[in-house]
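Engineer: After the structure tokens below, expect a handful of questions from me.
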Amino acid sequence: MANVMDDDNFERTLMERLDESRGVAGEEEACNLLGAENDDAELFAMRDALRSYREQSLDWAQQRSAAMPSPLPARQSGWLVAPQWALGTAAFCACVVGAALFTHHQAVLVQQAAAVLPAAPTQQALSEDNELLSSVDLALRSSVSPTEQELGLSQVLDANRAQKRRAVQQHTD
Amino acid sequence: MASKLTGDLMGHAAGRIGQGIEERTLSDLDDMDTLARLYRPRLLRFVSAQVRDDDLAFTVVQDTLLKAYRNRTGFRGDCSINTWLTGIALNLIRDHARTQKFKFWRTAEASAVDSTEMQNHLRSSGSNAEQSMIAKQQALTVHGAIKNLSPNQRAIFTMRFIEEMELQEISLAMGMPVSTVKTHLHRATKSVRERVRGAA
């Protein structure tokens, strides 16, 4: 079984035989090899072996590839893609803003309530009221009728008025 | 020179359309499902023959398709999509080959029985007919012969005789001159020839 074909020619001829088996090359290359029967047999053996390997390995790869998932990762919603620290920061900001709004609202309510309540009377207002009462008292005293004077009722009226004035004064104090 | 090379590749690609090898347009790159359907089986076969580890092969193939999809705008069309994808896969295999995990498994593989899915498929596929048994035996012989090659020889031999790529395409995918490709191919063919001859 002496081989007359060196490895270079073997490789080249093998490729031609593979092409030939696919119907690409013509009969010319095959005719050139008819004289070397040993090499011819070896070439055919090699060609068949490679073809078997090629077909069976592709068959396996096709079966296996069909069961493989898509290389692209499954799409997620935008908020799921965001990192956890970003979600935490957003939640914290929402809490801070909510607390600030609540505090502000409470302050506004207090201001409104304060505006509705009557202001406490000042010292000046009280003195003006006293002056007013005094002037009224004086006017009433000056307008006592002669009958009341004769009956001595003016002093009783004065006492009543003074008592009322003290009561008002104590109440305001 | 570049246009001649492109012309050669395009001519070769056009020639392979009639042989059942699908060469599609660039628009295929825009659809990941189409890309995976058309090119994943061949990529898986090629990568499995290189790494001999099922999990790693699946990972490399998925990464290759994902990388190609994300970088599809960078594909200039100066080679076929198949060549481009093969080049990406080779780079990813080289990246994995530098990791400690890969070195560990390669050491373990050297002394272990080959039990990859593809190996099991080659043993068990087909009917019980005698011809099928011969074909299975032949496929197993080639599988074993390829395993004994160096990484470069294995890649080049697989691209040339299994993936049926031209020398120029292999040169582009491997990133080495055609003369170097020829040297590796010569040694690989000699080694596989001896192995197949011994099994005959």
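What follows draws every value from the coordinates through simple rules; no lab data is involved. Predicted, not measured: the structure shown is a model, and the values here were computed from it. Reconstructed Cβ throughout: ideal geometry from the backbone, glycine too, with neighbour counts over all protein chains shown.
Engineer: Could you give the dipole magnitude of region A:123-172 about its Cα centre, charging the beta-carbon of Lys and Arg +1 and that of Asp and Glu -1, in debye to the nearest 20?
Structural biologist: Rounded to the nearest 20 debye, it is 160 debye.
Engineer: Next up: Count, for each residue of B:42-49, the Cβ atoms from other chains sitting within 10 Å of its Cβ, then give me the mean as a whole number.
Structural biologist: The per-residue average across the peptide is 5.
Engineer: So, one more: B:Q137 to A:D40: FRET efficiency via 1/(1 + (r/R0)^6), r the Cβ-Cβ distance, R0 25 Å, to the nearest 0.05?
Structural biologist: 0.75
Engineer: Ok, one more. Determine the gain in length on full extension of the stretch A:Q62-A:S142; use 0.36 nm per residue of separation and subtract their C-alpha separation, reporting nm with one decimal.
Structural biologist: 16.2 nm
Engineer: Still on this structure, I have one more. Expressed as a fraction of 2.2 N^0.38 Å, the rule-of-thumb size for a compact globular protein of N residues, what is the C-alpha radius of gyration of region A:123-172?
Structural biologist: For region A:123-172, the normalised Cα radius of gyration comes out at 1.30.
Engineer: Further question on the same structure: Suppose R0 equals 25 Å. What FRET efficiency, 1/(1 + (r/R0)^6) with r the Cβ-Cβ distance, do A:V116 and A:T172 give to the nearest 0.05?
Structural biologist: Between A:V116 and A:T172 the formula returns 0.65.
Engineer: Next question, about the same structure. Can you tally the net charge around B:P177? Count Lys and Arg as +1, Asp and Glu as -1, for every other residue whose Cβ sits under 15 Å from the Cβ of B:P177.
Structural biologist: Residues near B:P177 contribute -1 overall.
Engineer: Right, here's the next one. Using label points projected 7 Å from each Cα along Cα→Cβ, tell me how many nm separate A:Q84 and B:S179, to one decimal.
Structural biologist: Reported label-point gap for A:Q84 and B:S179 is 5.9 nm.
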